[in-house]
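Have a look at the structure below before the remarks.
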Amino acid sequence: MTAAAPPARSRGLPAGYPRLLRAARGRLSPTAADALLVAVVSVPVVLLVSDGTSGRPSSLALQAGLLVPLVWRRRAPLAVFGAVAATAFVQWLAGVRLSADAALLVALYTVAAYSGPRRTVLAGAVLEAGIVLDSLSWAPEGGAAGNFVSLSAMAVAAAVIGTNVRTRRSHLASVEDRAVRLERERDQRDRLAVAGERARIAREMHDIVSHNLSVMVALADGAVFAQFRSPGTTTAAVRQISGTGRQALTDMRRFLGVLRADEPDALRHPVPGIDQLEPLVDQVRAAGLPTRLRQTGDPSPVPAAAQLTVYRLVQESLTNTLKHTPAGTRAEVRVRCSTEAVAVEIIDDGASTDRTDGARGAPPGHGIAGMRERAAVYGATLEAGPSPHGRGWQVAARLELGTAEDGAA
């Protein structure tokens with residue numbers, strides 16, 4: 001059994017063989033490319049003569065046994081190596097030297113390139129045993145050591161090259177997998193950012209539209225009721241409806257101006273905050289809900305985003321009270337400001353009906369759910385439910401100013 005027997009004479013290969021082989025390997029599947037490789041290599045190997053016996057049928061069969069298994073070398077590297085090694089052992093027993101023994105080096109390279117280190121060591125050990133048999137049987141007198149060293153060097157080179165190919169392939173696969181994973185994570189972050197922005201826009205639109213429309217509807221109902229009994233009251237209500245509509249347009253213009261950098265009026269409409277609670281309460285009073293505002297502490301150290309959250313919590317709570325309670329209900333807003341936190345509480349004495357989203361068969365909305373999302377930005381848990389005093393409804397939250405997420409609004 002020999003890894004590569006030196007030929008006695010050879011016949012030249014056609015000039016187009018290497019180019020044909022490269023083109024075929026680039027277009028065919030791995031198995032088809034290996035089959036073409038075996039077919040191309042078999043022609044010169046069969047024509048090479050080492051000891052005058054290669055033309056015999058037995059020699060041709062042995063050469064086929066060495067070369068043909070290479071067609072499946074990438075599918076089953078170790079099995080192919082075993083088949084080639086078994087054929088080489090039969091060849092050694094028959095005392096025939098063939099140039100096709102180079103298939104052992106290809107099979108060892110394939111094991112190193114497509115299998116793990118343990119299988120590579122096992123295949124290398126089998127090949128080294130064959131090299132020992134070859135050196136003892138066929139090396140010239142006194143040349144066994146040199147034959148062993150040269151063949152062992154070729155075996156080690158094949159194993160090292162295969163191992164390097166496997167390592168490089170594994171590295172490229174890990175880099176590609178990491179790139180795909182990073183791209184997937186980036187897309188996921190983008191989707192989450194888009195979903196968060198949509199949720200923020202939905203909350204703002206709900207708070208602006210729902211509150212102002214509720215106030216306008218209440219004022220319109222009052223104007224219709226008082227149009228004959230108290231014309232002056234009707235006039236004031238209609239004027240308040242007009243003012244509320246203008247305020248809604250102003251809020252919408254300001255909000256859309258944030259989304260559009262080319263909106264010139266955006267800077268003229270400041271973000272509502274704690275200082276705007278008094279006009280908000282006056283608006284609700286005009287709509288028919290007697291409301292008292294109690295504010296303690298200096299709101300100036302409170303960030304604008306936190307002030308907007310307080311404003312929206314009060315706005316949504318009073319809007320719910322206006323929509324869900326009967327006439328005669330009273331409400332109270334309490335705001336306590338400090339440098340560490342802002343506590344807000346909205347209480348009314350109306351009937352303790354279920355005012356959660358989707359109550360009374362209505363479809364789910366953004367009211368209390370939106371308030372909870374706003375409060376969660378500041379580490380607060382919104383409490384919304386029947387008043388502990390037995391009558392009415394209560395909404396309470398404490399915004400921790402030191403825990404707000406960057407860029408929250």
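The values are calculated or read from the model by the stated rules, or taken from the named source; none is laboratory data. In this text, all values refer to a predicted model and were calculated from it rather than measured experimentally. For neighbour counting, all protein chains shown are included, and Cβ atoms are generated from backbone atoms with ideal geometry for every residue, glycine included.
When you go through (1) crowded, with 17+ Cβ neighbours inside 10 Å; (2) without any contact (Cβ under 8 Å) to a residue 40 or more places away in the chain; (3) closer than 13 Å to Ala113 by Cβ one by one for Asn164, which number turns out not to apply?
Among (1) crowded, with 17+ Cβ neighbours inside 10 Å; (2) without any contact (Cβ under 8 Å) to a residue 40 or more places away in the chain; (3) closer than 13 Å to Ala113 by Cβ, Asn164 violates only (1).
With respect to Arg191, determine if the residue is outside the structural domain of Ala327 (by TED's automatic domain parsing), surrounded by 14 or more Cβ atoms within 10 Å (Cβ to Cβ) and either farther than 30 Å from Leu108 by Cβ or in contact (Cβ under 8 Å) with a residue 24 or more places away in the chain (or both).
Working: outside the structural domain of Ala327 (by TED's automatic domain parsing): yes; surrounded by 14 or more Cβ atoms within 10 Å (Cβ to Cβ): no; either farther than 30 Å from Leu108 by Cβ or in contact (Cβ under 8 Å) with a residue 24 or more places away in the chain (or both): yes.
Against the criterion (outside the structural domain of Ala327 (by TED's automatic domain parsing), surrounded by 14 or more Cβ atoms within 10 Å (Cβ to Cβ) and either farther than 30 Å from Leu108 by Cβ or in contact (Cβ under 8 Å) with a residue 24 or more places away in the chain (or both)), Arg191 does not qualify.
For segment 378-395, give me each residue that is closer than 17 Å to Ala343 by Cβ and in contact with a Lys or Arg (Cβ under 7 Å, 6 or more places away or on another chain).
The answer is Ala380, Leu382.
Inspect all residues belonging to segment 318-333 and state whether any of them is free of Cβ contacts under 8 Å to residues at least 24 places away in the same chain and farther than 27 Å from Leu219 by Cα.
First pass over segment 318-333, keeping only residues free of Cβ contacts under 8 Å to residues at least 24 places away in the same chain: 328.
When the remaining residues are screened for being farther than 27 Å from Leu219 by Cα, the result is none.
No: segment 318-333 contains no residue that is free of Cβ contacts under 8 Å to residues at least 24 places away in the same chain and farther than 27 Å from Leu219 by Cα.
One line per residue, one yes/no per condition, for (1) closer than 24 Å to Val238 by Cα; (2) at pLDDT 90 or above; (3) assigned by TED's automatic domain parsing to the domain that holds Leu219:
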| residue | (1), (2), (3) |
| --- | --- |
| Leu280 | yes, no, yes |
| Gln283 | yes, no, yes |
| Thr291 | yes, yes, yes |
| Thr296 | no, yes, yes |
| Ala306 | no, no, yes |
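Filter segment 378-400 down to the residues that are within 32 Å of the chain's Cα centre (by Cα) and part of a loop (DSSP other than H, G, I, E, B) and list them by number.
Tyr378, Gly379, Ala380, Thr381, Leu382
Just to be sure I understand, how many residues within segment 109-147 are in contact (Cβ under 8 Å) with a residue 40 or more places away in the chain and of a type in the set (D, E, K, R)?
Result for segment 109-147: 2.
With the structure loaded, tell me whether Arg118 is part of a helix (DSSP H, G or I) and under 31 Å from the mean Cα position of the chain (by Cα) or whether it fails that test.
So Arg118 fails the test.
Residues that are surrounded by fewer than 18 Cβ atoms within 10 Å (Cβ to Cβ) and modelled with pLDDT of 60 or more, at least 3 per element: which helices (runs of 4 or more DSSP H) completely within segment 1-103 meet that?
30-47, 57-67, 77-94
Could you tell me whether Val271 is surrounded by fewer than 16 Cβ atoms within 10 Å (Cβ to Cβ), in the same structural domain as Ala331 (by TED's automatic domain parsing), under 40 Å from the mean Cα position of the chain (by Cα) and modelled with pLDDT of 70 or more? So that I can check it myself, show each step before the final result.
Details: surrounded by fewer than 16 Cβ atoms within 10 Å (Cβ to Cβ): yes; in the same structural domain as Ala331 (by TED's automatic domain parsing): yes; under 40 Å from the mean Cα position of the chain (by Cα): yes; modelled with pLDDT of 70 or more: yes.
For Val271, the condition - surrounded by fewer than 16 Cβ atoms within 10 Å (Cβ to Cβ), in the same structural domain as Ala331 (by TED's automatic domain parsing), under 40 Å from the mean Cα position of the chain (by Cα) and modelled with pLDDT of 70 or more - is met.
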